[in-house]
1. With axes computed from alpha carbons, what is the tilt in degrees of helix B:136-148 against the longest principal axis of chain B, rounded to the nearest 10 within 0 to 90?
2. How many Cβ atoms of partner chains, on average, are near each residue of B:278-285 if near means within 10 Å of its Cβ?
3. Computed FRET efficiency, Cβ-Cβ of residue B:467 and residue C:21, R0 22 Å: what is it to the nearest 0.05?
4. Taking only DSSP H segments of four or more residues, each worth -39500 (n - 2.57), what value at 222 nm results for chain A once the sum is divided by all its residues, to the nearest 500 deg cm²/dmol?
5. Highest first, please rank the peptides A:157-168, B:448-459, A:79-90 by the mean number of other Cβ atoms sitting within 10 Å of their residues.
6. Per residue of C:137-146, count partner chain C-beta atoms within 10 Å of its C-beta, then hand back the mean as an integer.
7. Mind ranking A:57-64, B:464-471 by how tightly packed they are, going by the mean number of other C-beta atoms within 10 angstrom, highest first?
8. Please report C:225, B:217 as a ranked list, fewest other C-beta atoms within 10 angstrom at the top and most at the bottom.
């Protein structure tokens, strides 16, 4: 067994889309393509609206945390330093972080490389391009920044928890005080926060950082426990990813429809 | 003149299973240049199929265990026709061989305090089997492989050896061909180690990998080496019988250990009808007591399903022969019935027997938590093989060594579970060591051109038939041989059937001289089969001759015409070799007297 | 048991060329593709080249592509593939063909030697043995289930379509590296090799390797991504360096 020589490949690589597979291999990437595209288009549209993102105690997750903007914003109104010629929406300031988390997520990477780049279109199906650099060099080597996005993502989760809590306190127009209550929107916000947590806690980077980096977890009971939890979420990471993605859009739609007066939130108690 | 290339090594190892790789590592560590020839790819050998574990008296789980107990267990299991020297060395050296694997990267299951975990197994007094779930063999072979590729060892994958080359009486090399292109190679070596495993494929139903065709034993035999105890072929009582494509695949003893029961086609637990007098006191006489035993009740006696492998296998055969079998010619092994006894039985079965659950679901569409399995005996292991010296593993031919399943002696008349993996390690290492030592004092000897030419001419002959469109399909001869061995020289043997088998083998031999191989020499499966057939015929004949000669029932060898053990045969091994004329010569070789200290151990442990 | 026949379309040929040849054979309940192929070999095509050893899914010799999907022939039941049209059986596409269904997988064995070997730390006990906890070996044991069928190498598009055989070691050997890197006793370092000569960055985590693994090893999630994260510790994350990561 000498030094590996370049391998001869007598059967030429498959042409684009060529495969002996008899099952509908194109179905899964097509669904990914449609759903991801729809989400991206919708969320950009919604983020650019700059209005109708808050109704009653509810705040759309696409606008959370609201740092600058409306009366409930953490810091204040539209910042003075924001150039006049630049389009303004409170979402622009914050949406890059969750977007970055999803774009650099190990699961989505694999999914959109297939669905959008056809690299490969599906397993054992021929590709359109010969050249390939993968994540070995610029630009995709930047995907390694993922762990910083999960740090941010965890901070966002705190805000979402806060939003879900706030969603339980309804202003009483009569007294001006806030009273505890549960509306359908409250539940929507709680589910949204839960799904996003499930997605974040299963993050591959997080799993590494809480204990996966160790060779020996015995003797580190806390990290062993955390690693076990992260692994449990990680096993269904794809499912969490899709559920949370769809539900974020749904939550925004729900709040937006309420705010636009098209839909009436049903107060359970 | 036939064309071939010549390759030279100090030590040539034939076979890349556990014994071959362990031997290669040892010989290389002793400075020899080593070549390993294997019929398949590296790491695919039958060793990967070993499940239970490797027996070594580490004493990690029960500190009462030591080599003396292991020695006594092995001798008792082998019914005292073992090579006692091998049993002694094996018991003494196995723990070191296992620990060594850990230093090479093996990852055994652990005890709570972080040492190698050991489990109970039939015939072993204490928990002794170091294991990795149910894939211990894979772990072993991968560890040895990953260690060996960094040593001074050359691997020749997918080479078939067709004959051993001799200089006078000494073995000085081997002739083989490379499967990919069909080219011939002469391996010149100062010492040759056979590590080619068993011969399960002589039978139709076998738990063995399909490449177990007894090649090494046949090569040694053809070269004039002595074989020993070829009649001892172990049949495991529970192999799958349905669907036909998976017939023979092992169903672990653990199913019965968990409370699984054997029933015949009439629904009767037939094992209660035939409990050997010797075991009467240790065996439950009602179903309830047997159940309690499997649940860990120490006051209960074991159910008859857990009697020795040979007895259970024979009872199954009897039921089937007398028309009380299951629809596909086995009996029912039922674990699902325990739901009458315990709550949540389905989950219990799935956690205790995960691989069995998967195996039946995947291969037979059968949910063992709901339905009974159909099982029947399956050819499992050859205790006999090349007769070797206990210390050095050298055969009766100078320069030829044998280790592992292809060598005889350690297991006597019956092998204990787990002793085969430790056998590979202990005697693989010894064969490697002594082969390297032998090679140090020896020199390469010339190879006889005429012998090489004659061998090549013989193995190429079937192509001429193929070209002329005549001759016999090797696949057909092989299938007929397997059917016949299964039928006539199986678990229950009787003289006239075996004589018929011998006769049949002679006829198949005649036909095998006229085999037909189509196509060219490149990776030609028909050609491989033609060579396998030749070896299988030699092996089958050896089994028959040994079995006819041993006029008693002992261990795995059961004869209806001599159903008891005999004093005379308790003291002898059957030894076979091919004479100058190519005919088998058999003699009964008295077993050497055991030293007093070993005798004493056996007495103490009775 | 009713005997029916099915048609198998088997790739026959060598490096000079070849074609699909149709064979009809009887099939019975419970048969797997390998059974049918062997029956065809015994009855109709004696010289059909095909590798098999254990016929029980434990040795990983009979890897092929069945109806375009990389699978083990011995573990693909005929009841799982449509038999009303020809069943396509082809050799693994990624490796050089030897003949018919047999390919030259030696590249995998050669490449394995580029992964630095297991190097244990000093023994823990005076008798030369080590102590390891079961929870620490669990992860490694998953990877060691690998039967080296090389289906993952075959399906990986980096090798299959882009043929980066010199730059990349493929999922099997990344799993092998992971087993060594996560081995509680191992004291060697492999990250630099992984990044600079073994091309772990070429993996774009499309998970085809995980999908085809007959041992159901979570190759991508449990082996490759954790290695990628270790690489981030060492090469890309300045914050981690502050905590001494990356050794």
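Read-outs throughout are calculated quantities, based only on the coordinates presented, and are distinct from any laboratory measurement. Nothing here was measured: the structure is a model prediction, and the numbers come from that model. Cβ atoms come from the backbone with ideal geometry, glycine included; neighbour counts cover every protein chain shown.
1. For helix B:136-148, the angle is close to 30 degrees.
2. 0
3. 0.60
4. Estimated from H runs of four or more residues: -16000 deg cm²/dmol.
5. A:157-168, B:448-459, A:79-90
6. Values: counts 8, 4, 6, 3, 7, 0, 1, 9, 6, 3.
What the average comes to for C:137-146 is 5.
7. Taking the mean over residues of other Cβ atoms within 10 Å, the ranking is A:57-64, B:464-471.
8. Details: C:225 24, B:217 30.
Going from sparsest to densest Cβ surroundings: C:225, B:217.
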